[in-house]
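Undergrad: Okay, handing you the structure first.
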Amino acid sequence: MTAYLDYAATTPVSPRVEAVVSHYMREEFGNAGSRTHTWGNTAKKAVAEARSYIARSVGVGPDQLIFTSGATESNNIALLGLAAHGRSTGRMHIVTSATEHKAVLEPLEHLAKNGFDVDFLKPQTDGSHSVDQVMAAVRENTLLVSLMHVNNETGVVQPVEKLAKQLSSTAIYFHVDAAQSFGKVRHNELAAPIDMVSFSGHKIGGPKGIGGLIIRRRGWKPVPLQPLMFGGGQERKLRPGTLPVPLVMGLCEALRERLEDGEVWTRETLRFRELLSALVRDLNGSVNGAAANAAPHILNVSFPGVDSEALVLTLQDAVGISTGSACTSASYAPSHVLEAMSVEREKIDGSIRFSWWGAPSVDLDQLHERIAALQH
């Protein structure tokens, strides 16, 4: 049986989450915007409780969370929604990392084509950025810093908590794409004074098509975002449309489950990481990224003399793995993350990403044998 090792791309829902989603699809199926009958009021109350629980997990009130279709939409609202404020104030400079997900890079590239000055910072060779590097890049006219919490290809963790504390005393807004950390890795760090946090439900065992954007106030001042879509007053007028109540409730249940079993999840995930890392070392493989400062559930590696596509095909009946981000894996283009880290082209061409939860049942001896065969 093939073992699924691509949890950074998406995750299965648990029986608990499945039951909650099904209940709100079949039993309590009301529209949370309908106020003239029991079905609508029941849905409204459920969404309010879910919103409160999710927001409270990062130390904000329920009015500082809007639901979206996922981190990609949240990123677009956060980045493009600030453009009008940037133009009106003359703050047209943005700082980000060259290793961000395409859901951040492409909106920022759009802004760069429309008058904004965007600095795509090159990371250190281990994929990390220091607070000093980021702060040295900001200017008097800097509008925004956007930095991913956990990299989706390498698992490298960025110092968002420390950076938030530095930026909170300035007029610069701070956005964090937390798709790979929310509910799993250093979730408590997201309670730092980060202005905007994007996340997706399907990365934590929730259903696809639901996520959120934390929009933290500074004192009484909200982040001056403008909507990208129009058509209703839902979600603080930033994201119109009927709320998918079953998905909202599934997201809440998934987060509850992740936070409840966090210690066990981390312990088991790290145990498998040690076993997998031993296999990599035994085959003279190399880890791409800061192994000492990485999320426990992602390992990006290269094996000498092995092409990644050949490796994926060789292992496809044993494990499901990827060559990088799910959004770009179909293109067979070199990883922009590894290129920005100055990884040698041979290693980039041979890189693969393992990502998992807990301690999956994998025949590591079989993996060792097949990878070794490709090296000869």
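Undergrad: Taking trypsin sites (Lys or Arg not before Pro) that fall in a DSSP loop and have at most 14 other Cβ atoms within 10 Å as cut points, what is the longest piece of the chain between them?
TA: 218-376
Undergrad: For the chain, what does the helix formula give at 222 nm: sum of -39500 (n - 2.57) over DSSP H segments with n ≥ 4, over the residue count, nearest 500 deg cm²/dmol?
TA: Mean residue ellipticity at 222 nm (helix-derived): -11000 deg cm²/dmol.
Undergrad: How much length, in nm to one decimal, is gained on full extension between Met25 and Ser342, taken as 0.36 nm per residue of separation minus their Cα-Cα distance?
TA: Numbers: separation 317, 0.36 × 317 = 114.12 nm, distance 4.83 nm.
109.3 nm is the gain from fully extending Met25 to Ser342.
Undergrad: Hey, what does the equivalent ellipsoid look like for segment 17-153, semi-axes from the Cα gyration tensor as sqrt of 5 times each eigenvalue, largest first, whole Å?
TA: The three semi-axes for segment 17-153 are 38, 18, 14 Å.
Undergrad: Compute, for the chain, the length of the dipole vector about the Cα centre, with Cβ point charges of +1 (Lys, Arg) and -1 (Asp, Glu) only. Units Debye, rounded to 20.
TA: Charge dipole of the chain: 1700 debye, to the nearest 20.
Undergrad: Can you tell me the FRET efficiency between Ala112 and Arg236 if r is taken as the Cβ-Cβ distance and R0 is 30 Å, rounded to the nearest 0.05?
TA: Working: r = 28 Å, r/R0 = 0.92.
Approximately 0.60, to the nearest 0.05.
Undergrad: Of all DSSP beta bridges in the chain, what percent run antiparallel (nearest 5)?
TA: 55 percent
Undergrad: Related question: Provide the descending list of Cα extents for segment 173-300 along its principal axes, expressed in whole angstroms.
TA: Computed over segment 173-300, the largest-to-smallest principal extents equal 58, 32, 24 Å.
Undergrad: Just flag the chymotrypsin sites (Phe, Trp or Tyr not before Pro) in segment 164-235 sitting in loop per DSSP whose Cβ has no more than 16 other Cβ atoms within 10 Å.
TA: Answer in residue order: Trp220, Phe230.
Undergrad: Continuing with the same structure: Can you flag which of Lys45/Lys162; Lys162/Lys221; Lys45/Lys165; Lys165/Lys208 are past 28 Å Cα-Cα?
TA: From the list (Lys45/Lys162; Lys162/Lys221; Lys45/Lys165; Lys165/Lys208), the Cα-Cα distance tops 28 Å for Lys45/Lys162; Lys45/Lys165; Lys165/Lys208.
Undergrad: For the chain, evaluate the Debye formula with one uniform point scatterer on each Cα (no solvent term) and list log10 I(q)/I(0) at q = 0.07, 0.10 Å⁻¹, rounded to two decimals.
TA: -0.32, -0.65
Undergrad: Could you tell me the relative contact order of segment 1-131? Use alpha-carbon pairs under 8 Å, at least six residues apart, and round to a whole percent.
TA: Relative contact order here is 13 percent.
Undergrad: Suppose the chain between Trp39 and Ser277 were pulled fully straight at 0.36 nm per residue; how much longer would it get relative to their current alpha carbon spacing?
TA: Result for the pair: 80.5 nm of gain on full extension.
Undergrad: Here's another thing I want to ask about it. Can you tell me the orientation of helix 71-80 relative to the chain, as the angle in degrees between its alpha-carbon axis and the longest Cα principal axis, to the nearest 10?
TA: It works out to around 60 degrees.
Undergrad: Give me the angle, in degrees from 0 to 90, between the Cα long axis of helix 364-374 and the longest principal axis of the Cα atoms of the chain, rounded to the nearest 10.
TA: Rounded to the nearest ten degrees, it is 70.
Undergrad: In nm, what is the difference between 0.36 nm times the number of residues separating Thr125 and Arg370 and their Cα-Cα distance?
TA: 85.3 nm
We did not get these values from a lab; they are worked out from the coordinates using the rules stated. Small disclaimer: the values here were computed from a predicted structure and weren't measured. Quick reminder, even Gly has a Cβ in these numbers, built from the backbone with ideal geometry, and neighbours come from all protein chains shown.
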